[in-house]
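Notes follow once the structure below has been shown.
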Amino acid sequence: MRIDQKWDHLRSLLSEMRNAILAYSGGVDSSLLLRAAAETLGQNVIAVTADSETYPAEELQLAKRFAASLGVRHRILQTEELGKEEFSRNAEDRCYHCKQELFGKIRSIAEAEGISWILDGSNTDDQRDFRPGRKAAGEFFVRSPLAETGLSKQEIRDLARRLNLPMWDKPSLACLSSRIPYGTRITPILVRNIQAAEDVIRGLGLRQVRVRHHGDTARIEVDQDDLIRLVSGDAKRMIVDAFKALGYAYVCVDLEGYRTGSMNEVLQKEKRAAGGSL
């Protein structure tokens, strides 16, 4: 199916729903879905964005502006996953507990508003990674229209560019907790330090950044084309000084560069060694 056919299929699918509530992060995927829902459902769609310490504050402002530009109803939902022991202890099912809290609160809104469908922005590529949050989505009967219509991440970006969505080339976003190895306890100060470290790198003009926390070591991931910028001129000294001020003893650059779900690579290795699968 061609990309324009998938776009038409997506809008047709949404029209059949009549009303919906969308878990809206402000990323490319959920923004494209919100655009389609705004066109087909109008005021019968509600966008809900979580406000949490585990997401950068500026992302909330971007989400607010885009929802306002579409004229859709938009609600900000306070989530408190860091207050849940099941989340903070950071076991392999961490994302399940986060999404369970989010979808549980969204379900309450849906019931109060008489809305039949809860949606998220998952796409076909998401089905290839280890994502415990999908279990929570299933428990709350969350639908993923982008995946249902066969849209991949690249196709979503292509459509967003064609539609002149401001975030069409926005770097992938993930919860700050995803920078912390499973088994390392997640605390508010650790999350804030990771955000501060990533802000240092973005201050150099780099857009795709992850700072992975490994105890007293920070492992920096950026796009392959940006690796040289981390060690050029005054940048290296500035990064090292800033990271050490945040408490890191060692500052490392990952030569593989940025890739989504790199913290899951250890799990995959362990599963392969045990003869199982994720």
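The values are calculated or read from the model by the stated rules, or taken from the named source; none is laboratory data. Here the structure is a predicted model, which is why all the values come from computation and not from measurement. Cβ coordinates were reconstructed from backbone atoms using ideal geometry, including for glycine residues, and neighbour counts include every protein chain displayed. The accessibility values were calculated without ligands, DNA or RNA, using every heavy atom of the protein model including side chains. Shrake-Rupley method; radii C 1.70, N 1.55, O 1.52, S 1.80 Å.
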For this session: Compute the accessible area per residue over region 123-189, keeping the other protein chains in place, probe 1.4 Å, unit Å².
Result: 48 Å²
Exercise. Rounded, prolate or oblate: which fits the chain, taking a ≥ b ≥ c as square roots of the Cα gyration tensor eigenvalues, rounded meaning a/c under 1.5, else prolate when a/b beats b/c?
Worked result: prolate
Exercise. Once Lys and Arg get +1 and Asp and Glu get -1 on their Cβ, which of Gly138, Ser30, Ala112 lies farthest toward the positive end of the dipole of the chain?
Worked result: Ser30
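With the Cα gyration tensor of region 80-207 giving a ≥ b ≥ c as the square roots of its eigenvalues, does the rule (a/c under 1.5 for rounded; else a/b larger than b/c for prolate; else oblate) give rounded, prolate or oblate?
Values: a/c = 1.83, a/b = 1.07, b/c = 1.71.
Oblate is the answer for region 80-207, as a/c is 1.5 or above yet b/c matches or exceeds a/b.
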For this session: Kindly list the residues of region 136-157 that lie in the label zone of Glu16, defined by a backbone N under 16 Å from the point 7 Å along the Cα-to-C-beta vector.
Result: 143-151
Problem set entry | Highest to lowest packing among 49-57, 228-236, scored as the average C-beta count within 10 Å | 49-57, 228-236
Exercise. Which entries in the list Lys64/Lys244; Lys105/Lys135; Lys84/Lys244; Lys170/Lys244; Lys84/Lys153 go over 23 Å, if you measure between the two C-alpha atoms of each?
Worked result: Lys64/Lys244; Lys84/Lys244; Lys170/Lys244; Lys84/Lys153
Exercise. Going 7 Å from the Cα of Glu113 toward and past its Cβ, which residues in region 52-72 have a backbone nitrogen under 17 Å from where you end up?
Worked result: 63-72
Seminar exercise, completed: In the chain the accessible area split gives carbon plus sulfur, as whole percent at 1.4 Å, a share of 50 percent
Exercise. For region 50-119, what's the relative contact order in percent, using C-alpha pairs closer than 8 Å and at least 6 residues apart?
Worked result: 24 percent
For this session: Using Cα centres only, tell me the gap between region 5-57 and region 78-123 in whole Å.
Result: 16 Å
Exercise. Between Ser172 and Lys153, what is the spin-label point distance in nm, taking each point 7 Å from the Cα along the Cα→C-beta axis?
Worked result: 0.2 nm
Problem set entry | Ordering of 95-106, 155-166 by packing [mean C-beta count within 10 Å, highest first] | 95-106, 155-166
Seminar exercise, completed: Here the relative contact order (percent) of the chain, from C-alpha pairs under 8 Å and at least 6 apart, is 17 percent
For this session: Using the heavy atoms of the protein chains and a 1.4 angstrom probe, tell me the accessible area per residue for region 1-98 in square angstrom.
Result: 44 Å²
